[in-house]
1. If you roll a 1.4 Å probe over region 81-126 with all protein chains in place, what percent of the accessible area is carbon or sulfur?
2. Helix 64-76 versus the longest principal axis of the chain: what is the Cα-based angle in degrees, 0 to 90, to the nearest 10?
3. If you take the charge dipole of the chain about its Cα centre, with +1 on Lys and Arg Cβ and -1 on Asp and Glu Cβ, which of Ala116, Phe196, Leu276 is farthest toward its positive end?
4. Please state the shape class of region 41-80: rounded when a/c is under 1.5, otherwise prolate if a/b exceeds b/c and oblate if not, all from the C-alpha gyration tensor.
5. Solvent-accessible area per residue for the chain at a 1.4 Å probe radius, Å²?
6. Would you tell me the accessible area of His181, worked out with a 1.4 angstrom probe on the heavy atoms of the protein chains, in Å² to the nearest 10?
7. Using helices alone, I'd like the mean residue ellipticity at 222 nm for the chain: each DSSP H run of four-plus residues gives -39500 (n - 2.57), total over residue count, nearest 500.
8. Quick one: order Glu53, Glu283 from most to least accessible surface, probe 1.4 Å.
Amino acid sequence: MRTKLMQIGQRLLQALPSVFGIIVISFVLTRALPGDPAVYFAGMMADDNSIAEVRKSLGLDRSWIEQFFIYVGNLLHGNLGMSLSTGRPVLEELLTRLPASLELTFAGLGLAILVAVPLGVLAATRPGSLTDHACRLLVTAGVSLPTFFTGLFLMYLFYYLLGWAPSPLGRLDILYLSPPHVTGFFTIDSLLDGDFETFWAALRQLVLPAFTLGLFALAPIARMTRAAMLNALGSDYVRTARANGLSQTTVLGVYAFRNAALPVLTTLGMVFSFLLGANVLVEKVFSWPGIGSFAIQALVASDYAAVQGFVLAMALLFVVVNLAIDVLLTTIDPRVALEG
């Protein structure tokens, strides 16, 4: 246990240079964006003196070097700055909106796993069959279709034409109140509160955006599952298991899939990170109040602190997810070195 904790600490230390590089890049890129936040917040009718006063109050009259050291110093004290577009601390905004993004991401990833893993296994056990061709078709569609197009198409079909889906305007219909905050996930919090009506309302709002993300995540998971299963089914230990007269279910579940699960789990870590980025467009399409929509609002307003806080939060989530996947892989197969 002590060795594993030391290895986890080493991985976190190895991630520090990457996180610092992201801080530098996000700082430079936000200030290279077109537009002047001082002009935006001073208003279209403001004169040069008013704009200069706003720029001074925002600290934009200082050099980039001075601004960077001030920003890093604030980060070391846990201060991500103040969001100019909302008037609230960036950290508070991110913590408030993060559960909405995570709930959507987990739902999309869960749907993708439920479809992609069985489909990949069936395609690997029946190469060249109709199931295999269907798997390839879904993989191609998932890779080719942008998330915003998929979301708009699903919205047009199920909300506008068929009328099956609720209005795509956030996490809950205006007729419902948010459940008491426990986890920040409306579906879980409503169940904990025993409010099944709010649970079904939150679940209905979640379905379309989750399917949009799920189709995007389905492609790499199904493709990796199929490839890993084909490789496992062609291995010596599977042929030996079949020669010993073991059933097909035992061969697939115990021998083939268990060994094929390692690359699939590695892919899940990458897909989860990709979904956090894809959330930005999906949240905008469905008016989902997550950190993605907050980032777009900050970009439009040239809100430096909010954009930098969003990028830093994504970087830290990426590090945590990959570390969790590494620990999980080591738990499943001790032969996998955590530092690898």
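The values are calculated or read from the model by the stated rules, or taken from the named source; none is laboratory data. As the structure is a prediction and not an experimental result, all values here were calculated from the model. Positions of Cβ are backbone-derived with ideal geometry, glycine not excepted, and every protein chain shown enters the neighbour counts. Side chains included, ligands, DNA and RNA excluded: accessible areas come from the protein's heavy atoms. Shrake-Rupley method; radii C 1.70, N 1.55, O 1.52, S 1.80 Å.
1. 74 percent
2. On a 0 to 90 degree scale, this one is about 60.
3. My answer, from the dipole projection, is Ala116.
4. Verdict is prolate for region 41-80.
5. Using a 1.4 Å probe on heavy atoms only, each residue of the chain averages 54 Å².
6. 140 Å²
7. Counting only the DSSP helices, I get -24000 deg cm²/dmol.
8. Glu53, Glu283
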